[in-house]
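Nothing in this text is a laboratory measurement; each read-out follows from the coordinates by a stated rule. Just so we're clear, the structure is a prediction, and the values are computed from it rather than from any experiment. A quick note on method: Cβ atoms are made from the backbone with ideal geometry, for glycine too, and the neighbour counts reach across all protein chains shown.
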Amino acid sequence: MATPAPQTDPTEARIAHLTLPAGGWSEAARSDALARLRSTGLPTRRDEYWKFTRPDALTQADTPKAGVLVDDEPPIFGDTDALRIVFDDGVFNAEASDDLALEHVTIERLGDTKADIHWAQGVYGVLEKAGQTPVARPLAALNTAFASDGVLIHATAKATRPINLVYNHRQEASDAILHHVIKIDADADLTIMESGPAAARFNKVMEVDVADGAAFHHVRAQGRDHERLAATHVFARLGTESTFKSFTLTVNGRLTRNDCVIELTGDDAIAHVAGACVGDGDFHHDDTVFITHDAERCESRQVFKKVLRNGAVGVFQGKILVKAGAQKTDGYQISQSLLLDEDAQFLAKPELEIYADDVVCSHGSTSGAIDEEALFYLRSRGVPAPIATDLLTLAFLAEAVDEIEDEALRDVLVARLEGWLERHRS
């Protein structure tokens with residue numbers, strides 16, 4: 001009788017395909033992240049926060065393949081006056097990027113900083129590690145250990161222009177691991193835009209440290225590449241009277257998991273996280289958010305809308321944790337889906353955990369079809385059914401899209417949504 005081949009541990013198999021960068025100021029954080037990864041292991045469906053999403057494609061050892069999309073649309077933020085930083089399959093492209101010079105902001109490549117001491121030591125891996133409690137996020141630990149590229153951005157005052165991080169997918173077999181560190185000093189202000197499919201498989205971490213009175217605005221468009229596999233993480237720490245606002249638009253993609261972990265540590269801080277997605281067919285989209293209130297008079301909002309059809313699946317897992325002493329907390333959470341047929345599915349897990357007695361917190365989750373009365377009203381006035389459906393879809397997504405403060409950026413994303421809906425009309 002033949003002896004069965006020994007089973008390979010999936011975490012060690014994944015690690016074996018990666019190279020741990022050595023030396024420099026980040027070495028200690030990388031070693032710590034690797035130890036944590038080995039301790040917890042990569043996620044499986046048995047993990048509480050992965051029961052709605054199969055992590056297999058994100059954790060497999062071999063590099064996946066995905067056809068490179070020939071996109072004839074102009075870059076989504078191409079008309080915005082922004083400093084462009086371009087990555088091709090997870091590697092910085094200096095020729096396609098602008099000069100990394102911006103008033104009141106210093107920008108460096110993660111791979112270029114080999115000194116033993118650097119300001120990013122106080123953030124790199126620090127916020128990610130804090131975000132591992134009480135929920136383990138092994139894919140983020142893997143990123144901290146093995147990320148070979150990314151940007152370190154330090155804003156000392158209000159930036160004169162936003163920064164546009166552009167991700168291109170050039171090779172069918174590609175596995176990109178990017179890590180960005182953003183530090184915003186007291187009373188400074190910075191806007192980051194992100195766009196593009198990045199790679200066949202994309203693992204990205206962004207750590208954002210927002211000091212007292214500072215503001216961070218984040219607008220992200222996850223591209224049209226239907227075969228994309230993506231796991232993204234945003235870890236943020238907010239000081240007194242600081243502001244954090246993030247919005248993500250996702251269209252297509254085979255599997256997308258967006259984690260956002262925010263800790264409000266200073267009084268009167270504000271954190272808004274919003275997202276809108278539209279999916280058709282083989283599409284699985286998971287938004288997982290964890291916001292911790294650990295100071296007084298803080299405000300948080302989670303607003304997520306998903307439009308799904310032809311078997312597309314949407315997931316929302318959102319939690320508001322109010323610690324003892326975080327009085328006068330204002331926490332709001334809403335997740336809604338619009339199912340355009342009976343094959344689509346929306347899975348939601350909203351949570352509140354409150355240890356203070358003077359708070360206003362609410363959450364809600366709904367799922368439904370197009371409003372037939374509204375559809376009839378539009379059709380009775382001569383609007384064709386497909387166009388009427390698109391109008392009602394845009395109206396449904398409006399609450400999430402309106403979370404974008406910059407009106408020009410809001411218009412850009414609405415136009416891209418309109419284009420997607422037009423291309424996918426029945």
Can you put Asp187, Asp341, Asp149 in order of Cβ neighbours within 10 angstrom, beginning with the fewest?
Asp341, Asp187, Asp149
If one puts a single equal scatterer on every Cα of the range 21-370 and applies the Debye formula without solvent, what log₁₀ I(q)/I(0) results at q = 0.12, 0.15 Å⁻¹?
-0.85, -1.39
With a 10 Å cut-off between alpha carbons and a GNM built on the chain, which of His154, His17, His179 moves the most?
His17
Explain nothing, just compute: Karplus ³J(HN,Hα) = 6.51 cos²θ - 1.76 cosθ + 1.60, θ = phi - 60°, for every residue of the range 84-90 in order, whole Hz, x for Gly and Pro.
8, 10, 10, 10, 9, 6, x
Once normalised by the length of the range 274-426, the mean sequence separation of its alpha carbon contacts under 8 Å that are 6 or more apart gives a contact order in percent of 21 percent
Pairwise label distance in nanometres, Asp411 with Leu391, each label 7 Å out on the Cα-Cβ vector
2.1 nm
Between Ile354 and residues 5 or more places away or on another chain, which pairs have amide H atoms under 5 Å apart, with H built 1.01 Å from N, and which residues are they?
Val322
Quick note on Glu108, Glu407, ordering by fewest other C-beta atoms within 10 Å, gives Glu407, Glu108
Restricting to the chain, compute how many DSSP beta bridges are antiparallel as a %, nearest 5.
5 percent
CD proxy at 222 nm, helix term only [per DSSP H run n ≥ 4: -39500 (n - 2.57); per residue of the chain; nearest 500]
-5500 deg cm²/dmol
Apply the Karplus curve 6.51 cos²θ - 1.76 cosθ + 1.60, θ = phi - 60°, to the phi angles in the range 286-295 and return the couplings in whole Hz, x for Gly and Pro.
10, 9, 10, 10, 9, 10, 10, 9, 10, 7
Between exposed trypsin sites (Lys or Arg not before Pro) in the chain, where DSSP calls loop and at most 10 other Cβ atoms lie within 10 Å, what's the longest gap?
47-380
I'd like the Karplus ³J(HN,Hα) series for the range 16-29: coefficients 6.51, -1.76, 1.60, θ = phi - 60°, whole numbers in Hz, and an x wherever there's a Gly or Pro.
5, 8, 10, 10, 7, x, 10, x, x, 5, 8, 4, 5, 5
Around Ile320, under 13 Å between beta carbons, what's the net of Lys plus Arg minus Asp minus Glu among the other residues?
-2
What does the charge add up to near Leu264, with Lys and Arg as +1, Asp and Glu as -1, over the other residues with Cβ less than 15 Å from its Cβ?
-4
Quick one: which of Lys51/Lys306; Lys158/Lys319; Lys129/Lys328; Lys183/Lys328; Lys65/Lys349 span more than 21 angstrom between C-alpha atoms?
Lys158/Lys319; Lys129/Lys328; Lys183/Lys328; Lys65/Lys349
Given H placed on each backbone N at 1.01 Å, which residues far from Gly275 in sequence or on other chains put an amide H within less than 5 Å of it?
Thr248, Val303, Phe304, Lys305
Around Asp32, under 15 Å between beta carbons, what's the net of Lys plus Arg minus Asp minus Glu among the other residues?
+2
So how do His233, His284, His104 line up by other beta-carbon neighbours within 10 Å, fewest first?
His104, His284, His233
Amide hydrogen neighbours beyond the local backbone of Asn164, cut-off 5 Å, H modeled
Leu83, Arg84, Ile85, Met193
